[in-house]
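Structure record follows, encoded as structure tokens.
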Amino acid sequence: MSLKVLGWDIGGANIKAAFVAVFNGRIVDCRTHVKYFPIWKSDLESLPQSLQDVSNILTKNGEVDLVSVSMTAELSDVFKTKEEGVKCILKCVKNVSRRLNPLVINFNGELLDFKKAQKNPLSVSGANWAATAKVCSTIFKDCVLIDVGSTTTDIIAIRESKVSVSEHTDMGRLSSGELVYTGALRSSISSIVSYIPVRGRDTDVSSESFASTGDVHLILGNIKRKEYTTETADGRGTSKRACFERLARVVCADSTMLTDSEIKEMASNIYSKQVDKISRGLEKLTRGFSLRKRQTLPIVVTGLGGQFLGAEAAFELGFRKTFNLGSIVGVEDPQVIAAFSTAILVAASRGESIQWFTC
């Protein structure tokens with residue numbers, strides 16, 4: 001009989017979930033779903049229903065044996081404190097789970113029961129990276145994991161099959177380089193560059209929210225239109241033409257004043273600087289690595305921007321071995337890797353040792 005787990009990763013912009021069935025160490029069923037839910041401007045009373053909608057898509061009544069959860073949404077300013085946010089989110093998950101008490105991942109990659117998580121809210125705050133890293137550590141003995149999501153980037157070292165981090169809180173991880181606040185969709189342009197070369201002249205960018213990195217990466221072909229899952233800066237569509245129009249406004253112009261090739265050149269410049277930003281975080285983590293070590297140490301990428309941002313940042317620093325975590329574990333949508341990982345950790349805690357190849 002298979003063990004069936006529903007794993008949640010509740011972010012500030014998206015609810016991500018993975019239903020995983022495991023039998024004798026093999027994943028026999030895996031279903032995933034992502035629902036856009038901008039918690040900072042949504043009615044919090046609608047969160048349980050949104051969770052229920054996702055659960056209904058992935059499961060049938062009575063099909064789930066265990067529930068796991070990680071979160072980052074507690075950072076949203078809809079909550080006065082992170083503690084308030086954690087407790088609210090846990091309560092909503094518990095209401096949807098009904099008879100099941102969710103197991104919650106903490107920043108040590110441990111699973112806490114529902115009551116203990118409520119009593120120690122800051123230990124489970126923003127800990128989704130710990131789930132992904134712990135699963136990665138069962139596959140790779142030594143590596144660096146780079147997870148580039150829609151909003152942020154996690155950079156985590158694995159040493160001797162153990163997660164090795166210097167900080168656990170978001171603030172601490174920002175200072176250590178293990179958290180870089182830049183992502184594939186939602187980052188503002190002014191958070192990446194202060195100026196852009198336009199027609200041979202360095203041109204300051206506006207600090208207005210005219211465009212985001214989703215526009216940049218769709219213009220450059222790094223993402224597909226269906227992957228542009230967040231709301232756009234102007235509330236309009238996600239066609240390439242709309243992206244060109246938004247990006248032109250970053251330098252206080254419009255698409256009649258700049259050609260498509262000029263706007264695309266702007267996008268390429270922003271992309272390059274975003275790669276540099278992630279590289280700086282990776283450099284902090286790997287400072288002192290020899291050229292030989294950089295050429296042989298595996299870089300494991302995941303998340304929506306893992307391939308075109310994470311892998312590029314690693315290549316820029318001389319790393320030459322790159323693996324895609326989703327391809328290894330069989331998850332097609334990189335956005336759900338943390339939800340999948342929380343489910344896998346719960347299955348492993350019940351004696352299901354997952355059989356995948358190790359590196």
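A few points about this structure:
- Across the range 80-109, the qualifying residues are those that are without any contact (Cβ under 8 Å) to a residue 12 or more places away in the chain and either in a helix (DSSP H, G or I) or among the hydrophobic types (A, V, I, L, M, F, W, C) (or both), and the one among them that is farthest from Ser68 (Cα to Cα) is Glu84.
- Picking from residues in the range 55-79 that are among the hydrophobic types (A, V, I, L, M, F, W, C) and assigned to a helix (DSSP H, G or I), the one that is nearest to Ala348 (Cα to Cα) is Leu58.
- Near pairs, Cβ below 6 angstrom, 6+ apart or cross-chain, from the range 329-344 (not assigned by TED's automatic domain parsing to the domain that holds Ile155) to any residue that is part of a helix (DSSP H, G or I) and of a type in the set (S, T, N, Q): Ile337/Thr132; Ala338/Asn128; Ala338/Thr132; Ser341/Thr132
- Cross-chain or 6+ apart pairs with Cβ under 7 Å, the range 117-130 first and under 15 Å from Glu167 (Cβ atoms), then in a helix (DSSP H, G or I): Leu122/Lys82; Leu122/Glu83; Ser125/Glu74; Ser125/Lys82; Ser125/Val86; Gly126/Leu75; Gly126/Asp170
- Residue list for the range 5-34, restricted to those being basic (Lys, Arg) and touching a Leu at 6+ places or on another chain (Cβ under 9 Å): Arg31
- The range 302-359, subset of a type in the set (Ser, Thr, Tyr) and not in a helix (DSSP H, G or I), residue nearest to Lys35 (Cα to Cα): Thr302
- Residue match in the range 176-192 (condition: modelled with pLDDT under 95, within 19 Å of Gly310 (Cα to Cα) and not in a loop (DSSP other than H, G, I, E, B)): yes
The values are calculated or read from the model by the stated rules, or taken from the named source; none is laboratory data. Since the structure is predicted, the reported quantities are computational estimates derived from the model, not experimental observations. Using ideal geometry, Cβ is built from the backbone for each residue, glycine included, and neighbour counts are taken over all protein chains shown.
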